[in-house]
Structures are given as structure tokens and as C-alpha cells.
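Structure first, then comments.
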Amino acid sequence: MYLEKIEKAGDIKKIKPEHYEQLASEIRSFLIEKISVTGGHLASNLGSVELTMALHLELDLKKDKIVWDVGHQAYTHKILTGRKAGFDTLRQLGGMSGFPKRRESEFDCFDTGHSSTSISAALGMAKARDVLGQNNTIVAVIGDGALTGGMAFEALNNAGKCDSNLIIILNDNKMSISENVGGIPRYLTDIRTSEGYLDLKDDVYNKISGTKTGNSIVNSIRRAKNSIKSLMSPGMLFEEMGVVYLGPVDGHNIYAVRKAVKEAKRLKRAVLIHVVTEKGRGYSPAVKHPARFHGTDPFDIATGLPKKSSNVSWTDIFSTVMIKLAKRDERICAVTAAMPDGTGLKRFSNIYPERCFDVGIAEEHAVTFAAGLAVGGLKPIVAIYSSFLQRAYDQIIHDVCIQNLPVVFAVDRAGLVGKDGETHQGIFDLSYLSCMPNMVVCAPKNKWEFSDMLKYAAAENRPIAIRYPRGPVYEGLEEFRADIETGVSEWIYREADIALFAVGSMVKTAEKVRNILKSKGLNVSIINARFVKPIDEEAILEAARSHSLIVTMEENVRSGGYGEKVLDFMSSEKLESECMIISLPDKFIEHGSVDELIKIYGLDAETVADRISKAFNK
């Protein structure tokens with residue numbers, strides 16, 4: 001009823017306060033209904049409804065800005081800025097993004113998708129505001145999980161020197177501050193931010209400062225105040241960094257959040273408001289299983305169960321093999337950056353808790369920590385999504401590869417991942433990993449080869465990255481299971497005319513391409529590349545001697561990928577065979593289903609076969 005009245009930004013201010021609770025309930029029902037159909041981030045959004053409402057009530061979004069960390073808790077923000085209709089196409093090709101996008105709305109002030117960036121971005125926006133002489137409010141909303149990322153603390157350290165207003169909302173849905181100390185911090189917050197206290201403090205400090213005795217008194221007062229706060233205030237960490245701490249505040253109490261924001265706006269400093277919320281609030285399955293409903297596929301509302309049965313995934317295979325490896329070798333350990341469920345390490349951590357290390361959302365630390373484990377005599381396997389591993393680029397080079405340490409990188413969600421869009425597509429890893437000296441980069445074609453590659457990597461004494469996609473694992477070509485040797489490809493079919501060199505997930509596509517081309521009377525070989533670094537030069541030479549067209553196939557951008565390496569080698573050897581590169585374009589890929597994106601960007605079997613046929617017959 002009240003949700004129908006929200007058609008554009010600012011409409012929430014027309015809702016009477018006595019109807020806020022009903023509006024919050026309607027928003028939650030709307031989110032549950034829509035996400036059950038499209039899939040998306042549910043639990044985090046259910047927990048931030050009142051917080052978002054309070055911000056929209058207290059701010060003027062025609063000029064004020066909200067930066068949403070990661071951005072997967074911004075669904076209510078999208079609703080309140082007039083985008084309800086977009087939820088029918090949420091995360092679908094051509095539809096509304098699941099994250100804030102500047103091109104989507106003027107009220108999305110900063111594109112986000114990875115964690116721990118909001119404070120840095122908001123601080124930059126605040127400083128730009130000051131330089132330009134503007135007078136708007138800048139707010140960063142960051143979760144307690146994102147606060148484990150080092151970048152957030154780098155930004156907080158910088159924000160402590162801020163001499164103008166910046167508001168940081170810490171959305172804590174873990175209840176990390178216990179109730180028995182909650183009253184004292186709230187009491188201290190009321191005193192420190194009340195008009196009387198601030199005016200008295202400024203008046204007293206100004207009058208007694210400037211003389212030797214006065215300065216001594218001021219310093220004594222400050223030392224005494226800080227000593228008391230250190231004992232009694234849970235926010236002293238932020239205070240010591242120069243950031244004013246307010247809270248904790250009940251994040252489901254709109255009035256309390258509005259009061260805190262109003263008080264924070266008065267201060268000419270960086271202010272952190274600690275807001276406590278419940279992840280999944282209003283939907284019991286999400287409350288009981290917040291990790292499962294963090295990012296969910298379509299589900300049945302009554303039961304909370306997925307609408308389609310899930311097949312065995314690449315991540316499932318990784319989970320199973322990791323346990324087997326650890327059983328055989330007590331030096332095997334695992335590292336995850338706050339993703340034990342997503343990377344399949346949950347079972348491993350239950351069985352080998354002393355050998356599973358969750359370092360929080362801190363990919364840079366995860367890699368250097370793993371390097372330390374390796375120096376200490378362990379065999380760490382670091383499981384991180386492809387797009388998140390980008391954040392540790394320097395650490396992989398500097399702390400692992402330079403020392404040639406035996407760290408294995410299990411690069412999950414490599415290639416197109418679909419509906420999370422540009423920030424999550426894992427389409428750069430073959431390029432950024434294979435440019436690193438000492439790094440070995442490989443990709444399995446099916447579940448059996450994946451198992452073999454993990455065992456191979458664990459037995460080696462060098463940095464190795466194994467990249468594998470999201471979704472159901474491929475179970476075809478079981479009969480082809482040659483031993484794995486570094487830099488050696490696997491011939492699956494030996495014929496003539498056309499040689500398909502396929503990387504990882506593209507071997508399945510190469511099979512389909514071969515069948516299409518065979519129906520046209522062409523002879524086609526398939527070579528499972530296996531290794532992107534080092535490439536199998538002997539296999540390329542052999543193929544070039546007996547085939548007139550070499551085709552490379554990879555689910556990675558062209559620049560720096562496998563195809564360019566093969567082309568470069570063929571050019572250096574002055575091979576006469578033509579080389580065609582099948583890859584993704586050098587661009588950021590939008591959200592949509594993986595099948596749709598593969599078709600759009602020409603990686604489907606029909607399109608590939610058509611290109612090859614035309615090239616071969618020209």
C-alpha cells in the first residue's frame with residue numbers, strides 16, 4: 001500500500017512516520033517475492049531496509065551522496081529511488097544490475113562490486129566537495145565483513161585527518177558488540193554529540209587555551225577523557241585514528257539511525273556510526289542460513305529451497321579432493337578470504353580446522369600469509385574467486401613468485417560468471433597470472449582432470465594456479481586421462497586440416513565445434529591445452545606441420561591470453577599455418593546468463609564453427 005507511493009527519490013518523505021514500519025514490511029515482502037524469481041543478494045538487503053530508509057529520510061539525494069560498499073545491500077536504495085519495476089529483470093541481460101551503477105541512475109554515485117572500497121571513494125568525494133566549495137553530505141555504508149579488508153583501514157587512517165564532514169555507516173550484522181556494554185557507549189555518544197556538550201567543550205577549550213597553564217589544563221582534560229573512553233567505549237579504535245565514533249545504534253530503529261546521522265552531520269570531522277542489524281531479517285530461512293541467502297538462485301518462498309536441483313559443481317570437486325589431499329599429507333592446508341562456503345572449504349574446515357585459515361575479506365593478506373605458510377614448511381592452497389584474486393596481484397608477484405614458493409592458487413569462478421556482471425566476471429586471470437615469472441597456469445577440461453591437476457599441483461614445488469569455472473562440472477571425455485606433465489598438452493583427436501587448441505572449459509565447446517565441422521566434411525583435431533603457461537611448443541609445432549589452420553579457444557580476454565601466446569610463438573618460428581584466436585573481447589562484460597553472454601560474444605559452438613568454416617574455405 002505504502003510502497004506503491006514510492007515512485008521516485010524523495011517520495012519516502014511523504015510517508016508519515018507512523019507508517020514507516022509498514023513500509024519496511026512491504027519492502028521486505030517485495031524483495032523476497034522478486035528475488036525468489038530472479039535470484040540475487042537477499043539476506044544482506046533484508047537486513048538493511050530500515051537503515052536505508054533512515055538515510056533517505058535524513059538526506060537530500062539531489063545533492064547528498066551514498067557510497068554502498070560492495071553494493072549488494074543497495075536493493076532498498078534502488079526501490080526508494082524509483083526502480084521497483086527494474087526488479088523484474090534484476091541481474092538479467094539488459095536488465096537492472098544487482099549493484100550500484102552510475103550509468104543506471106543519477107542516485108548511484110559510485111560503481112561498486114568488490115569489498116572495502118567505500119570509505120576511500122567517499123573520502124575522495126568529500127575532498128572534491130571541499131575543493132569545489134560545495135556543501136553536501138557524503139556517506140559511506142560499509143559492512144563489518146568489509147571492514148576486515150585492509151583498504152578500509154587505510155582509508156580510515158586517512159579519514160582521521162579529515163577536517164570536514166564525512167559520515168561512515170558501519171553496518172554490523174554480526175552482533176559483535178555485546179549488550180552488556182551497549183548502554184555505556186550510547187550514553188557517551190549522547191554526551192559527546194549533544195549540542196550543549198559540544199558548545200561547552202569548544203567554549204572551555206577556546207577560553208583556557210593559549211597560555212602555558214591553560215594548555216596544560218586542556219591536555220590534562222583530554223588525557224583524562226581519553227583514558228575513560230579507552231576503558232568504556234568499544235569505538236576507541238576509531239577514535240584513536242581520529243574518527244569520531246557514535247553507537248552502537250539499533251539499525252532497525254529508523255528514529256535512532258536518523259538521530260545519529262543528524263548528529264554526525266553537525267561535526268566537521270569524519271564520523272563513524274556503528275549500526276547493528278540482523279542479516280536476513282523478516283525471512284526465517286535467510287536468518288537461519290544467511291550465507292546461503294547471501295547470493296541465492298531462484299527459490300521457493302515457503303521452504304527457502306532452490307527451485308532447481310543443483311548438479312555437482314567444480315567447487316564440489318575441489319572440496320572433495322582437498323579433503324583427500326589433506327588426509328594423505330599433513331602439510332596440506334587451505335586459505336580462504338571470507339569465502340569458506342563459496343569456495344567449497346567448509347567441509348575441509350570442519351575436518352581439519354587447524355589447517356584451514358579464513359583471513360577475512362583480505363585477499364592481499366591471504367596471499368602473503370600463504371607465502372609465510374609455505375616458507376614455514378606447509379603446502380598452502382589458496383582458494384579465491386578469479387575477480388577477487390586480482391586484488392592480490394602485487395602480492396602474488398612480490399611475495400610468492402619472486403621467491404618461487406610452493407603456493408597453489410585454486411582460482412574459482414574463472415571465465416564468465418554471469419549475473420553479477422563486470423565486477424565479477426573472471427575473464428582476466430589467464431592474462432594477469434601468466435605474465436608472472438615462475439608461475440605455472442593450467443586449466444582442467446573435466447572433473448577427473450581437475451582432480452589430477454590438484455594432486456599434481458600439491459606435489460610440485462613452485463607457484464601454480466589452477467583456474468576453473470562456476471557451475472556444473474563437465475563429465476565428458478572421461479576416457480582421456482593422460483598423466484599431467486608441466487607444459488604438456490593432451491591430444492584428444494588427431495586428424496588434419498584444422499587443430500583446435502582449447503583451454504579448460506572450452507574443451508567441451510571444442511567437441512561440439514568438431515562435430516559441426518565433421519558434418520561439413522572437414523578433418524578436425526582437438527588438443528586439450530592444459531597449460532597456458534608454459535605453453536606446449538612441441539604440440540604447436542606438430543599441429544602446424546599437419547594442419548593448415550590453428551584455432552585457439554579460451555574464456556578469457558584476448559589481450560595477454562593463451563591465443564596471443566600461441567600466435568606469438570608461431571610468428572617467432574615463422575610457421576606457415578594460419579592462427580585464429582577465439583576469445584572474449586578486451587572489454588568489461590555486462591551481466592546476463594552465461595549462455596546468453598557466450599552467444600553474444602561468439603564463444604558458442606555454432607558461431608565458432610561458422611567462423612572456422614569460412615576461414616578454412618576462403
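For the chain, the longest principal axis of the alpha carbon atoms and the long axis of helix 537-546 meet at an angle near 40°.
For each pair in 34/599; 533/614; 308/520; 308/455, compute the distance between the two Cα atoms and list the pairs where it is over 28 Å.
533/614; 308/520; 308/455
Applying both filters, DSSP loop and at most 10 other Cβ atoms within 10 Å, to the chymotrypsin sites (Phe, Trp or Tyr not before Pro) of the range 527-618 eliminates every site. Available extension along the chain between residue 62 and residue 375 is 107.3 nm, counting 0.36 nm per residue and deducting the alpha carbon span.
Of the trypsin sites (Lys or Arg not before Pro) found in the range 529-589, those in coil by DSSP whose Cβ has at most 12 other Cβ atoms within 10 Å are 574, 587. The gain in end-to-end length when the residue 483 to residue 402 segment is fully stretched comes to 26.3 nm, 0.36 nm per residue minus the alpha carbon separation. Amide hydrogen proximity for residue 589: with H placed 1.01 Å from N in the peptide plane, no residue at 5 or more positions away or on another chain lies under 5 Å. The C-alpha atoms of the chain define a longest principal axis, and helix 195-208 lies at about 80 degrees to it.
Model label points for residue 572 and residue 25, set 7 angstrom from Cα along the Cα-to-Cβ axis, are 7.0 nm apart. Summing +1 for each Lys or Arg and -1 for each Asp or Glu among the other residues whose beta-carbon sits under 14 angstrom from that of residue 352 gives +4.
How about the range 36-129: which GluC sites (Glu not before Pro) there lie in a loop by DSSP and see at most 15 other Cβ atoms within 10 Å? Answer in residue order: 106.
Among residues other than residue 367 with Cβ under 10 Å from its Cβ, the summed charge is -3 (Lys and Arg +1, Asp and Glu -1). For residue 33 and residue 266, the FRET efficiency from 1/(1 + (r/R0)^6), where r spans their Cβ atoms and R0 equals 30 Å, is about 0.15. With a Förster radius of 25 Å applied to the C-beta separation of residue 89 and residue 5, the computed FRET efficiency comes to 0.65.
With a Förster radius of 22 Å applied to the C-beta separation of residue 581 and residue 519, the computed FRET efficiency comes to 0.35.
To the nearest ten degrees, helix 314-328 and the longest principal axis of the Cα atoms of the chain are 90 degrees apart.
Accessible surface area normalised per residue over the chain is 42 Å², counting heavy atoms of protein chains with a 1.4 Å rolling probe. Of all accessible surface on the chain at a 1.4 Å probe, what whole percent is carbon and sulfur? Of all accessible area on the chain, carbon and sulfur atoms account for 51 percent. Per-residue ellipticity at 222 nm computed for the chain from its helices equals -12000 deg cm²/dmol, with DSSP H segments shorter than 4 residues left out and the rest contributing -39,500 (n - 2.57).
The values are calculated or read from the model by the stated rules, or taken from the named source; none is laboratory data. From a predicted model like this one, the values you see are computed outputs, not experimental measurements. Positions of Cβ are generated from backbone atoms using ideal geometry, with glycine treated the same way; all protein chains shown enter the neighbour counts. SASA here: full protein model, heavy atoms, side chains in, ligands and nucleic acids out. Shrake-Rupley method; radii C 1.70, N 1.55, O 1.52, S 1.80 Å.
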